[in-house]
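The structure appears right after this line, and notes come after that.
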Amino acid sequence: MNSQLRERVRDFLADHDPRAMERVDFLRARYDAGLAWVHFPVGHGGLGLEQALQPDVDRLFREAGAPDNRPGVNPIGLGMAAPTILAFGSDAQKDRFLRPLWTGEEVWCQLFSEPGAGSDLANVATRAVRDGDEWVVNGQKVWTSGAHNARFAILLARTDSSLPKHFGMTYFLCDMTDPGVDVRPLRQITGEAEFNEVFLTDVRIPDGQRLGDVGEGWKVANATLNNERISIGKSADRESGMLGVVASTWRERPDLRTPDLHDRLLRLWVDAEVARLTGTRLRQKLAQGQPGPEGSTMKLGFARIAQQLSGLEVELLGEKGLHYSDWTMVRPGHVDFNGRDAGYRYLRAKGNSIEGGTSEILRNIVAERVLGLPGEHRVDKNIPWKESAK
Amino acid sequence: MSDLDLLYSDIEEDLRGSVRDLLEDRCDSDAVTRMYDGDRTVVESLWKSLTELGLAGLLVPEDRDGQGASAREAAVVLEELGRAAAPVPFLTSSVVATTLLLEGDSDLLAPLATGERTAALLVPWSLAPDAEIPAVSIDDDRLSGTVSTVAGALEADLFLVPVAAGSGLSVYAVEAHEASIVPLVSLDMTRQLADVTVDAAPGEVVVADAEQAVRRALDAGAALLASEQAGVARWCLDTTVAYVKDRKQFGRPVGGFQALKHRLADLYAGVESAAAAARYAAATLAQADPDAPVGASTAQAFNGDVAVLAAEEAVQLHAGIGMTWEHPAHLYLKRAKADQIALGTPGRHRARLAGLVGLPG
Ligand SMILES: Cc1cc2nc3c(=O)[nH]c(=O)nc-3n(C[C@H](O)[C@H](O)[C@H](O)COP(=O)(O)OP(=O)(O)OC[C@H]3O[C@@H](n4cnc5c(N)ncnc54)[C@H](O)[C@@H]3O)c2cc1C
């Protein structure tokens, strides 16, 4: 890491004693000093540097005993809403939203999917109708992770149903405290309700919370999704994530080892290590700017490896693998893919190849947008949405 | 090797029909799902009506109050129980415990066959037929010890307990009320496990010099678990095929996308193969064929993984709705994953096959 940046962090820490300050005040000051996400522009929590420098900055803060912004609580805000607001937001929007987002004072969720618009996200039916300086939104969203903790949402809605599906959508920043927002827990296979159904009834959104132009929602949403796929697929250190968990089980339990399991574990070790290197290489290629469809390969690999590793761990544990920690329905404050017990990890990992675009859709994206292979025949692409929608 | 019949007789199909009808009536997936929240009310009435069909006595000769049928019929029942993720102690009591009691002349076999009583063999559910059998100790005719992760213990009123006797094993019968039973939060709550402790409990010998008898009972369990796994896989395939025909995205049924068609064609081949492996294991077991252990381990090594794959594909191809509690796919995922470990993992059975078929490592 460059010494200038190191100095900057040192100077900041000299002026701001993390032990003497309130957590939020410290985080706000760190943001204002441009040390929140160094690749963001000056004035918005960054210094316009390379993203690759960030882990070192975070490490220096950690070593100084500074509080972090609890990234696990706000993954959608940090991983998706922030880069999209940065790319498409007005100055006023960046000023209003980015700082409390980064500090974790405002948690975000993603109101994209609907019962009829999962893989086919461009089929959203939630309607936003302009009323003076406001938009009035009605519809139903589903599988909304963390909506019960969220202050704001990124929202995709249809603003013109007479246009073909990809052209009639607009992207909004929705206040989850609006009285028309009704969040209902949706329990999932792990027992807990991490996601929700969200009913929107005459929700009023000021036009100032529109992100991008009217009708440009699909383009903005794609920027969000590319960021989502890269953030779900990222992992920095060797043996981090699911591999770290399973490797330590292996090291702690010599009694469970068999040649068969050993071979399978080592294959997955190699897969995970190569995925890590591929991710590093991809980040070096991107350096800055918006991730493209190539990032989809990372998420594909991440999901497969997490699923195979967690499945292997249950088998490895054998008798103990037949246990489960707790089926009680709770609405968790944050989600840890690698937390709790082997059974939980196994079940939760099943979502990794569904959330943020299924693995089948990601393969289509790689095949069509990266490799340029011809797409499927699309019956509904060029006709007005209202004629194709059922 | 002459070919054994791997299809189903008319009688077997009739049996399947009546079991399926009963399960459709009495085993709805919402009631089964409630078991994860501790409501086990579905079990008792369902098991009672299954025993009224005589199913508990399928493996027991008529002169000992049974139906005088065979492992082939029991396998058909298990296919259906798997297809419904049914939470009944058929495999643990009517197959494993019953097979063990058939090796002795205990009077306890008859009430098991009629369904009056239900038994469980006290071994960890993950125990492979060729693994070391944990045994409790005996002192002055009283049994003491703990056996962990036992299947069928919560439904049983009678335990068959392996007891260390000199250099060998004997199996004692112990009344369930003489033991303390701690239910476990289990990955598969439709076959909830328990730790069972006996502390100076009285018991009577039901099979002496029982090590081989216990192994044969576990082997029968492994052979027939393969049919349950085939049934689990079958449900997953059928339900998923129906769903992708119906679910539309991009203006068309998602089942029309070749990526899904190929996956489901492969899965179909896997499920058919699982049925063949299960049928062979049941047929060899039914006629005490010397190839029965090979049949059982082949079926376990294959079907354990196919059932898991089928359930994983069901979740993936249902996507968001497949990750929800309200859709039954998760019942099958959890059952399949627990079944993969039950009575020995596929890896364990492959290692056993290495010895059985002369391919040492
Ligand atoms: C744990 C979890 C968290 C989530 N969190 C959020 C969230 O916070 N916000 C949000 O908006 N959404 C969220 N989602 C929703 C997720 O984005 C959707 O579930 C996903 O996009 C798939 O949509 P679907 O469930 O409708 O499946 P469908 O689109 O109905 O797909 C069904 C099956 O068909 C396949 N398929 C569909 N089209 C094709 C094709 N063209 N070619 C080949 N195969 C195809 C799919 O891959 C899948 O296997 C979450 C989902 C999960 C599981």
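The values are calculated or read from the model by the stated rules, or taken from the named source; none is laboratory data. Keep in mind it's a predicted model, so treat the numbers as computed, not measured. Note: ideal-geometry Cβ built from the backbone for every residue, glycine included; neighbour counts use all protein chains shown. The protein model used for the area step is the full one, side chains on, heavy atoms only, and it has no ligands, DNA or RNA in it. Shrake-Rupley method; radii C 1.70, N 1.55, O 1.52, S 1.80 Å.
Descriptive notes on the structure:
- Taking B:ARG26, B:ARG40, B:ARG263 as the candidate residues, the one with maximal mean-square fluctuation in a Gaussian network model of chain B, Cα springs under 10 Å, is B:ARG263.
- Region A:311-370 shape via C-alpha gyration tensor axes, a/c threshold 1.5: oblate
- Interface size A-B, as summed buried accessible area [1.4 Å probe, Å², nearest 100]: 3700
- Placing unit charges on the Cβ atoms of the charged side chains and taking the dipole of chain B about its Cα centre, the candidate lying farthest along the positive direction among B:MET35, B:TRP325, B:ALA75 is B:TRP325.
- Residue-count net charge about A:GLY77 - beta-carbon cut-off 13 Å; Lys, Arg +1, Asp, Glu -1: 0
- Burial order of peptide ranges A:170-176, B:318-324 (average beta-carbon count within 10 Å, highest first): A:170-176, B:318-324
- Alpha-carbon centroid distance for the pair region A:44-68 / region B:192-209, whole angstrom: 61
- Bridgeable lysines around A:LYS165 (alpha carbons under 25 Å apart, same-chain partners fewer than 8 residues away excluded): A:LYS141, A:LYS219, A:LYS381, A:LYS386, A:LYS390, B:LYS245, B:LYS248.
- The order of the peptides B:148-156, A:358-366 by mean Cβ neighbours within 10 Å, most packed first, is B:148-156, A:358-366.
- Interface residues of region A:307-353, defined as those losing at least 30 Å² of solvent-accessible heavy-atom surface relative to the isolated chain (probe radius 1.4 Å), are listed as A:VAL314, A:GLU315, A:GLU319, A:LEU322, A:HIS323, A:TYR324, A:TRP327, A:TYR346, A:LEU347, A:LYS350.
- Between B:ALA275, B:GLY104, B:ALA173, the Cα set farthest toward the positive side of the dipole of chain B (charges on each charged residue's Cβ, about the Cα centre) is that of B:ALA275.
- Net +/- balance of residues flanking A:ALA147 in space, Cβ distance below 11 Å, scoring K and R +1, D and E -1: +1
- Only Lys, Arg, Asp and Glu carry charge here, each on its Cβ (+1 for the first two, -1 for the last two); on that basis the protein assembly as shown has a dipole of about 3740 debye about its Cα centre.
- Mean accessible surface per residue for region B:230-360, computed with a 1.4 Å probe while every protein chain stays in place, in Å²: 35
- Extreme residue, positive dipole direction of region A:220-370, given options A:LEU265, A:GLY311, A:MET298 (C-beta unit charges): A:MET298
- Translational diffusion coefficient (Stokes-Einstein; Kirkwood radius from C-alpha pairs) of region B:289-342 at 37 °C, 0.692 mPa s, in µm²/s: 272
- Per-residue average of Cβ from other chains inside 10 Å of B:101-111: 0
- Taking every residue in B:339-345 and counting other chain Cβ atoms within 10 Å of its Cβ, the average works out to 3.
- Local net charge near B:ASP63, Cβ-Cβ under 15 Å (Lys/Arg +1, Asp/Glu -1): -3
- Burial here means at least 40 square angstrom less accessible surface with every protein chain in place than with the chain by itself, probed at 1.4 Å; in region B:134-182 the buried residues are B:THR149.
- Probing with 1.4 Å while keeping every protein chain in the model, the per residue accessible area of region A:1-68 equals 54 Å².
- Per-residue Karplus couplings for region A:209-214, computed as 6.51 cos²θ - 1.76 cosθ + 1.60 with θ equal to phi - 60°, are listed in order as 9, 8, 10, x, 6, 4 Hz, Gly and Pro entered as x.
- Once all protein chains are placed together, A:GLU106 keeps about 20 Å² accessible to a 1.4 angstrom probe.
- Residue-level accessible surface for A:ASP202, protein heavy atoms, 1.4 Å, Å²: 90
- With a 10 Å cut-off around each Cβ of A:208-219, the average count of Cβ atoms from other chains is 0.
- Using a probe radius of 1.4 angstrom, the carbon and sulfur fraction of the accessible surface of the protein assembly as shown is 50%.
- Computed over chain A, the per-residue total of -39500 (n - 2.57) for DSSP H runs of n ≥ 4 gives a 222 nm mean residue ellipticity of -12000 deg cm²/dmol, rounded to 500.
- Counting only protein heavy atoms and using a 1.4 Å probe, the accessible area of A:HIS39 comes to about 60 Å².
- Interface residues in region A:358-390 - accessible area drops by 40 Å² or more relative to the isolated chain, probe 1.4 Å: A:GLU360, A:GLU376
- A Gaussian network model of chain A, with springs between Cα atoms under 10 Å, assigns the largest mean-square fluctuation among A:GLY241, A:GLY132, A:GLY118 to A:GLY132.
- Of the peptides A:305-313, A:255-263, the order by per-residue mean of other Cβ atoms within 10 Å, starting with the highest, comes out as A:305-313, A:255-263.
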